[in-house]
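Below is one structure, written out as structure tokens, with a few remarks after it.
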Amino acid sequence: MNTTANSNQPPVDRYCDLIMKGGITSGVVYPVAINRLSRKYRFKSIGGTSAGAIAAAVTAAAEYQRRNNDSSSGFERLARLPDELGQDIPEAGARRLLSLFQPQDGTHRLFSVLVNVLNSRSTSSRIGNIVLGLLKAYWPAALLSALIAVAVGYLFAAWLASLLLGVILVFVSVGMWLYRDVAGPLVVNGFGMCNGMPGKASRTEAITPWLHRLIQEAAGRPNGAPLTFGDLWRPKGATETPKAPGEDAIVLKMFSTNLAHGRPYVFPLNELVDNADRETSFRSSERLFFNPDELRPYLPQDVHKWLVDHARNYTAEPHRKGKDPSDARAKALGLMELPPPHEFPILLAARMSLSFPLLFSAVPLWAINYDLPPGRRDFHRCWFSDGGVSSNFPMHLFDGLVPRWPTFGITLEPEIEGRLNMIYLPQSYREGYGERWDLFDNKVDGIGRFGGFIGALVSTMQNWSDNSLSRMPGFRDRVVRLRLKPNEGGMNLNMEPENIEAMATRGAEAAEALLARFSNASESCAQATGWDEHRLVRLNVLLKMVEARAAGVVHALSPQCPHATPIETLIDAMLGTNAPGYEYPLASEQVQNLRDLINTLHSQMATLDKISHRPNPNPFVPLPSPELRVRPPL
């Protein structure tokens, strides 16, 4: 049995992975839950999106401190967060949670409209509060319009006409000012009201400096250099930072959405190391660049300095010179290449994942536009928005075909009418695969139903993949569903302390539900029933997926495959040539190795196909039925 230096800690090799869903203020459910899980498990891989990325970053920092100092103080720091977020901040005239959201110059009127809508419980009340908020925010325009209307009514004794004129003038004048704020300051501020840093008149912490301080404190280095992904990868006692995560690494991944490319990016980016003895003909990495002046308003000074000090000067890859932009062009735009992944600050990755549309500014980075022909290629700005736009609950991030340790997920959903339990975790294979419902059509008023219809459209576009995956066998049993009341989480930026406390308590209950099913009572006991069942289900799911594909693979590899050149002929033709996907001609030994691999695959798949045709070879019934397919690594 493995032990730790501190008997209060879990064994050094007892891991779990953790995925947390985004949801703006819904993230207050996570700190106490993480603290409870940390008492039984060490966190190996942590992932999240939006608010879930905040929790993931701080969890990784706390695990970093435990690994290096054998201390749980980082997790204890996390557990105190709900109380801190509910504290009154006199300088801000608000509780700490709301005070973290600070508009920039020119966007404060739009932000005040948003604050006026908070706590609206129906579509009609939201519309009314938006109108009232606009009148309050743009009161000079509304007042001037009213005075003009009164003057017209007084001069011409046409009070009905003056009333109509007043309504029209208010609509036009407020609308013009609103248009000016949206088209001007909101766009200039990165398409968001808050860039995460304090406004000029602010006397309190904004969310990005607050998160930076929290990460550093959780890591046990409050005055040290910004925590990087490489710090998480470095084994205890090592003096050098590895350039890629090894077996002993703490793996942290966070989603952000590149709106220019229309797809998610996972940070840290992958960077392939080329062989030093030859020039590669393939792109070695996803290259992103930044302008230091553009990013300065987004980051605390020490993080910005770290980013600049560890950035790389742009240079075209050797085989792309004359095709890609020149070094002079990058210099003219003030662009530098992002630091390599092991030197990338985790704060910046979390901030990029947190860019909730319109509330937070998108983060500007740059990339080379390869749509343009060689010789005319140029750099173009990419706006990175909230990771939840593309995947708000990426449960697939760390999954192996058969798990070595559990990957837990905490997802968030509205409370269900008629159900008293606010926490749900399936207790057997036969549970949890039912559909989740959005009953927007049950609303009484037409405008509420229409608003619900629009909301359901947006939610489906955003979450269909995550929702489908959460029902699958081997997934649903480790995803605890935490339900929120209408006045909890989401856009409720000004939650009452009792609501924050209730959510944190529910988070602790979610963690206890996972521990009760997956964690044994003591290290000398047999493994927990849930963990045994989970591994068996995942194994059977793998067998069923491979079994379903076996016949097709056997047929495709057979020399009798119609209208196709035999695979062995294609392999033999690779001798001495640059085959697609290969950087250099293959030697005879390499060709023979490929033939052996193909023959082994063909033989194994043929055997599996024969077994699958026996009477009841594997009567396992996957509910719902999964498929084994090639998909992007996201």
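The values are calculated or read from the model by the stated rules, or taken from the named source; none is laboratory data. Everything numeric in this text was worked out from a predicted model, so none of it was measured. Heads up, the Cβs are rebuilt from the backbone with ideal geometry, glycines too, and the neighbour counts pull from every protein chain shown. For the accessible areas, the whole protein counts, side chains as well, though only heavy atoms, and no ligand, DNA or RNA atoms are used. Shrake-Rupley method; radii C 1.70, N 1.55, O 1.52, S 1.80 Å.
Here is how the numbers come out for the structure above:
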| read-out | value |
| --- | --- |
| Looking only at region 240-269, and only at residues there that are among the small types (Gly, Ala, Ser) and in contact with a strand residue (DSSP E or B) (Cβ under 9 Å, 6 or more places away or on another chain), the one that is farthest from residue 190 (Cα to Cα) | 249 |
| Hits in region 208-217 - residues which are under 18 Å from residue 355 (Cβ atoms) and open to solvent by 10 Å² or more (accessible area, probe 1.4 Å) | 209, 210, 212 |
| Flag if residue 594 is without any contact (Cβ under 8 Å) to a residue 60 or more places away in the chain and either under 16 Å from residue 542 (Cα atoms) or surrounded by 12 or more Cβ atoms within 10 Å (Cβ to Cβ) (or both) | yes |
| Residue in region 440-449 that is under 25 Å from the mean Cα position of the chain (by Cα) and open to solvent by 50 Å² or more (accessible area, probe 1.4 Å) present | no |
| Where residue 268 falls short, out of the listed (1) under 17 Å from residue 57 (Cβ atoms); (2) open to solvent by 10 Å² or more (accessible area, probe 1.4 Å); (3) modelled with pLDDT of 95 or more; (4) not hydrophobic (A, V, I, L, M, F, W, C) | (3) |
| Qualifying residue in region 150-171 (condition: surrounded by 14 or more Cβ atoms within 10 Å (Cβ to Cβ) and at positive phi) | no |
| Test for residue 416: is it touching a residue at least 12 places away in the same chain (Cβ under 8 Å), outside any loop (DSSP other than H, G, I, E, B) and out of contact with any Leu (no Cβ under 7 Å at 6 or more places or on another chain) | no |
| Residue tally, condition closer than 20 Å to residue 394 by Cβ and surrounded by 14 or more Cβ atoms within 10 Å (Cβ to Cβ), over region 450-470 | 8 |
| Condition check for residue 473: in a loop (DSSP other than H, G, I, E, B) and open to solvent by 10 Å² or more (accessible area, probe 1.4 Å) | no |
| Candidates 114, 98, 110 - the one that is open to solvent by less than 40 Å² (accessible area, probe 1.4 Å), within 15 Å of residue 185 (Cα to Cα) and in a helix (DSSP H, G or I) | 110 |
| Where a residue in region 491-518 is in a loop (DSSP other than H, G, I, E, B) and its partner, wherever it lies, is of a type in the set (Val, Ile, Thr) and surrounded by 19 or more Cβ atoms within 10 Å (Cβ to Cβ), with Cβ under 7 Å and at least six apart | 491/24; 492/25; 493/25; 495/25 |
| Entirely in region 45-90, the helices (runs of 4 or more DSSP H) that have 1 or more residues that are polar (S, T, N, Q) | 51-69, 73-79 |
| Residue that is farthest from residue 414 (Cα to Cα), among those in region 432-442 that are assigned to a loop (DSSP other than H, G, I, E, B) and free of Cβ contacts under 8 Å to residues at least 40 places away in the same chain | 434 |
| Residues (outside any loop (DSSP other than H, G, I, E, B) and open to solvent by 80 Å² or more (accessible area, probe 1.4 Å)) located in region 569-586 | 570, 575 |
| Residue check for residue 555: in a loop (DSSP other than H, G, I, E, B), more than 30 Å from residue 9 (Cβ to Cβ), without any contact (Cβ under 8 Å) to a residue 12 or more places away in the chain and not small (Gly, Ala, Ser) | no |
| Leading residue by the ranking (surrounded by the fewest Cβ atoms within 10 Å (Cβ to Cβ)) among those in region 390-413 that are small (Gly, Ala, Ser) and in a loop (DSSP other than H, G, I, E, B) | 400 |
| Enumeration of residues in region 181-205 that are within 21 Å of the chain's Cα centre (by Cα) and in a loop (DSSP other than H, G, I, E, B) | 190, 191, 195, 196, 197 |
